[in-house]
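Notes to accompany the following structure.
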Number of protein chains: 2
Amino acid sequence: MAVNVIGTFHSKIGRLDENVYELLVQAGRGALEDAGVAAGDIDGIWIGNFSGGGFNSQEHLAPCAVDIDPALRFKPAVRVENACASGSAAIAAAKNAIEAGEAELALVIGVEKMTSLDTKGVTKVLAMASYWPEEGELGMTFPGLFAEYAKGYMEKYNVSAEELRVILAKVAAKNHRNAVANPLAQMPWECTFQDILDRPDQKNPMVAEPLRLFDCSLVSDGAAALVLASEKKAKELGLAQVELSALVHTTDYLALSKRSNSEFTAGKRAIQKAYELADITVDDLDFAEVHDCFTIAEVLAYEAIGLVPDGEGPRAIDEGLVEVGGKLPINASGGLKAKGHPVGATGVSMAVLAVRQLQGKAIGHQIEGAKVGLTYNIGGSAASNYALIFKRTK
Amino acid sequence: MAVNVIGTFHSKIGRLDENVYELLVQAGRGALEDAGVAAGDIDGIWIGNFSGGGFNSQEHLAPCAVDIDPALRFKPAVRVENACASGSAAIAAAKNAIEAGEAELALVIGVEKMTSLDTKGVTKVLAMASYWPEEGELGMTFPGLFAEYAKGYMEKYNVSAEELRVILAKVAAKNHRNAVANPLAQMPWECTFQDILDRPDQKNPMVAEPLRLFDCSLVSDGAAALVLASEKKAKELGLAQVELSALVHTTDYLALSKRSNSEFTAGKRAIQKAYELADITVDDLDFAEVHDCFTIAEVLAYEAIGLVPDGEGPRAIDEGLVEVGGKLPINASGGLKAKGHPVGATGVSMAVLAVRQLQGKAIGHQIEGAKVGLTYNIGGSAASNYALIFKRTK
């Protein structure tokens, strides 16, 4: 009895006029409308939000869900947080509530309003998702942490800085190109990897060696929402079309120093276990949305999902395996790199993108006949890892 | 098949030497040890924490649970937040996971380290649990919000300021007195209400009229933890003794201006529904731990739990109904007022206190023969409301 997704909403991503409350309300109303479900029939609301406190001085965001509709008054509403995987964490909690019989219909909203702070302020708030005493407090930022992965990867697989730079530029270019088709994307730019490599240093400066500006995802505002239903309820409503076939969550040490810097160790486990639960292999996937907070993360994700063996991630982009039309389109939406990355919303955004693909109503590139999709969402420097498999059931 | 509690831990509450990570690890290890369960047998970890970001610059606290024991590596760990009800929110999420069949054994930890900031800093972080645009941002604090309840109550029931002052002093005195028996309490002081009334103004200053210093709960560090088990697993382990018979969560508008300021409207609903689910009435309760963040909140809780009709809360304390030895001992532990209030830990603290009562191993006053207990935990100015019923089953 897998949980079904019967309604979705996805906001524009970028520097938006709406505040965090307006984004939340818009997303909740949008998903209810898409599902055609009355607010009064919803049994609970789960909010994925990383740091309403840090970005908007608003902790305790969950009760603001009542402002979506007065019929939600007195329903349970709760916030779930696991850094940039908060959206997936909210989906996981809502799924449990449905499987526990506590809810038949659940509203899940991912929301983040980041542009309320300047870049320096955002960087500081994000650093609180690292292990503060050994990372953030000592000045380590997320570009710095993912630069450690880039360096770890170069060392382990004997990849030169120049080789890696080209690979990463190819990832960035693919995602910017993919975003052109996505009307909600923050940076839909047609560009080639050579365009990126040719940029003068001041237009693609080093952020944390070897990562440059074009290797980094964006500071974004945005929200996305899902209506989840028990299989029984989805069938009753005649809306059983896409199911969440598996959701696996694994945790690793928060501090990167305590784990591998050349692979997503816990992420691999989550993904492999999700394949088992959904009774599929990587070959059954029609697409994946993965967590390219930095371009190196997407390369590591190619390996974590088993598209290519460890150490061969670069081949996946070099040979076009991950392009729309390739063996396994990855981040057809533009990814965090070009679609944008409103951090606490991202897991829900990925899920909405997957569901819309499977419904044949893609936001952006439609993968024709798509039946099975993966989302892989991480929090921190991949301490929190969520793998979700969605399937079209009719 | 009610979820069982098979292990507990409760730290000292106060200004502690341990940092937030140490408190978390200590609590997790303590509950595992109490249950006699190996860390490797735990299926997931749920953390209740209000604002690790605001108090400790640490969002994304959940992965730090791996530091409890290396056998927890790769298990799901997530933080759940609903202001001062974050602890109960974590229990709710873990309960759902067990009832969903996602976990047989769950570790729930509530933790908050508040004394890292000075009182001004703490007040500002706490204000982020109010509706920021209309409350916190305009200078409203939590003493101010609960002063609104005190004023609303006086107006609705025609209670004079002097009458209310005496009632509130009686609540404070009871809780300080109860705390004397609690070895973990922050302010275990023997005192009478007359002692409080006799204090000169500068030793009991007005904080937010009509609430004075002695009406306010404390700034605290502390942690508490539970091991939850499916009924089947608890029986297999020979540890089925206390069950969580009901947990009901209701939400109201975040802004106090949108709801009653003379009662806990959503709280009443949560408590009544919990009674129904547990098939009890208020008369079946042997004790209750309720959310006395301010003395007025305890008076409102007397009414919310149905011990006395609306408007007669003062009678419950005047007539001694809520004393240890009275009709329904309330906050026998000393409550938030004298035991202390490490905000994100409080819901778990209440649950531990309830379970230990039912096991006959009370922390502080033992209510002899106690079979049924209630915890009532709120977030914000009672926008988030959790009612839990615990029963001894053998």
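All of the numbers you see were taken from the coordinates with simple rules; none came from a lab. These numbers come from a predicted model, not from an experiment. Here the Cβ positions follow ideal geometry from the backbone for every residue, glycine too, while neighbour counts run over all protein chains shown.
When its C-alpha radius of gyration is set against 2.2 N^0.38 Å (N residues), the stretch B:1-154 gives a value of 1.16. For B:ALA223, the residues whose amide H sits under 5 Å from its own are B:SER11, ignoring neighbours fewer than 5 places away on the same chain, with H placed 1.01 Å from N. By the Stokes-Einstein formula, at 1.567 mPa s and 4 °C, the protein assembly as shown with its Kirkwood radius over alpha-carbon pairs has D equal to 49 µm²/s. Put simply, the amide H of B:GLY7, placed in the peptide plane, has neighbours under 5 Å in B:VAL227, leaving out anything fewer than 5 places away on its chain.
The average projected area of the stretch A:296-344, computed from the convex hull of its Cα atoms over all directions, is 3.6 nm². In terms of overall dimensions, the C-alpha atoms belonging to the stretch A:88-134 reach 44, 27, 11 Å along their principal axes, ordered largest to smallest. Charge tally for B:GLN241 (other residues, Cβ to Cβ under 9 Å; Lys, Arg +1; Asp, Glu -1): +1. All alpha carbon pair distances within the stretch B:218-319 were sorted into 5 Å bins beginning at 0; the resulting P(r) in whole percents reads 2, 10, 16, 19, 17, 16, 10, 6, 3, 1, 0.
Note on the stretch B:243-388: the alpha carbon radius of gyration divided by the globular reference 2.2 N^0.38 Å gives 0.95. Across the stretch A:135-152, rounded Karplus estimates of 3J(HN,Hα) from the backbone phi angles (6.51 cos²θ - 1.76 cosθ + 1.60, θ = phi - 60°) give 10, x, 5, 8, x, 5, 10, 5, x, x, 5, 6, 5, 4, 5, 4, 5, x Hz, Gly and Pro being marked x. Scaled against 2.2 N^0.38 Å for its residue count N, the alpha carbon radius of gyration of the stretch A:101-179 is 1.57.
In the calculated pair-distance distribution of chain A, the portion above 31 angstrom amounts to 29 percent of the Cα-Cα pairs.
How would the stretch A:1-92 be classified by its alpha-carbon gyration tensor: rounded, prolate or oblate, with rounded meaning a/c under 1.5 and the a/b versus b/c comparison settling the rest? Taking the square roots of the gyration eigenvalues as a ≥ b ≥ c, the stretch A:1-92 is rounded. Residues whose amide H lies under 5 Å from that of A:ARG79, counting only those 5 or more places away or on a different chain, are A:ILE47, A:ALA62, B:GLU81; hydrogens are built 1.01 Å from N in the peptide plane. How large is the translational diffusion coefficient of the stretch A:252-292 in µm² per second when you combine the Kirkwood radius over alpha carbon pairs with Stokes-Einstein at 10 °C and 1.306 mPa s? Approximately 133 µm²/s, per Stokes-Einstein. Neighbour counting of Cβ atoms within 10 Å sorts the residues A:VAL180, A:VAL352, fewest neighbours leading, into A:VAL180, A:VAL352. Couplings 3J(HN,Hα) for the stretch B:54-63, derived from phi with the Karplus relation 6.51 cos²θ - 1.76 cosθ + 1.60 (θ = phi - 60°), are x, 8, 10, 6, 10, 7, 6, 6, 3, x Hz, where x marks Gly and Pro.
Put one equal scatterer on each alpha carbon of the stretch A:110-227, apply the Debye formula with no solvent term, and list log10 I(q)/I(0) at q = 0.12 1/Å to two decimals. Those come out to -0.54, one per q. For the cross-link pairs A:LYS113/B:LYS120; B:LYS12/B:LYS124; B:LYS235/B:LYS394; B:LYS170/B:LYS203, the ones whose C-alpha atoms lie over 20 Å apart are A:LYS113/B:LYS120; B:LYS12/B:LYS124.
Computed over neighbours whose Cβ is under 12 Å from that of B:GLN58, the net charge equals -4, Lys and Arg +1, Asp and Glu -1. Computed over the Cα atoms of the stretch A:172-228, the ratio of the radius of gyration to the Kirkwood radius (Rg/Rh) comes to 1.07.
Dipole size of the stretch B:294-394 about its Cα centre, with +1 on Lys/Arg Cβ and -1 on Asp/Glu Cβ: approximately 660 debye, rounded to the nearest 20.
The Cα trace of the stretch A:352-394 gives Rg and Dmax of 12.1, 37 Å, the first to one decimal, the second as a whole number.
Longest stretch of chain B clear of exposed loop sites (GluC sites (Glu not before Pro), DSSP loop, at most 13 other Cβ atoms within 10 Å, sites excluded): B:1-189. Of all aspartates and glutamates in the structure, the ones whose alpha carbon falls short of 12 Å from that of A:LYS339, not counting any fewer than 8 places away in one chain, are A:ASP221, A:GLU289, A:ASP292.
Computed on the Cα trace of the stretch B:136-186, the radius of gyration divided by the Kirkwood hydrodynamic radius gives Rg/Rh = 1.12. In order along the stretch A:224-232, phi translates into HN-Hα couplings of 8, 8, 10, 9, 9, 9, 4, 4, 4 Hz, rounded to whole numbers, per the Karplus curve 6.51 cos²θ - 1.76 cosθ + 1.60 with θ = phi - 60° and x for Gly and Pro. On a per residue basis, the convex hull of the C-alpha atoms belonging to the stretch B:63-152 measures out at 140 Å³. From its DSSP helices (H runs of at least four residues, each -39,500 (n - 2.57)), chain B gives a residue-normalised ellipticity at 222 nm of -10500 deg cm²/dmol.
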